[in-house]
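Beneath this line is the structure, given in structure tokens, with notes to follow.
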Amino acid sequence: MVEKITFKLPADLLELTGLSSENLEEKSLLIWVLEIYAEGKITLSKAANLLNMKVDDFLSEFHKRHLRHIGGPESIKEAQKELDVVQNLINDK
């Protein structure tokens, strides 16, 4: 279920950022999901799914911003999946 919320922003914010209201919504969601993943509140796969991204694309966005993940995988399977993604990213360079 998707719940829409509305909040007020300074009128010149969109102009300063060069974002449209649609882009602002997408960017806000990306930043929020990156933050809650960094805090260890959601798994890597859940974060990527929330943004309709591939896991490696999400990790690329995460590392591009020099963020640190303070949580850990919830299972051995999740840890192996994350390790596989990282190894694939390293091998692709």
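The values are calculated or read from the model by the stated rules, or taken from the named source; none is laboratory data. Computed from a prediction, not measured in an experiment: that's the story for all the values here. Counting neighbours? That spans all protein chains shown, and the Cβs are built from the backbone with ideal geometry, glycine included.
Within region 39-57, the set of residues being part of a helix (DSSP H, G or I) and buried (at least 17 other Cβ atoms within 10 Å of the Cβ) comprises Leu44, Ala47, Ala48, Val55.
Can you find a residue in region 48-71 that is at pLDDT below 80 and hydrophobic (A, V, I, L, M, F, W, C)? Checked region 48-71: at least one residue is at pLDDT below 80 and hydrophobic (A, V, I, L, M, F, W, C). Filtering region 58-82 to residues that are of a type in the set (D, E, K, R), in a helix (DSSP H, G or I) and touching a helix residue (DSSP H, G or I) at 6+ places or on another chain (Cβ under 8 Å) leaves Glu61, Glu78, Lys81, Glu82.
The residues in region 17-38 that are assigned to a helix (DSSP H, G or I) and either among the hydroxyl-bearing types (Ser, Thr, Tyr) or under 23 Å from Ile90 (Cα atoms) (or both) can be counted, and the count is 6. In this entry, Val86 is excluded by the filter for residues that are part of a helix (DSSP H, G or I) and closer than 25 Å to Thr17 by Cα.
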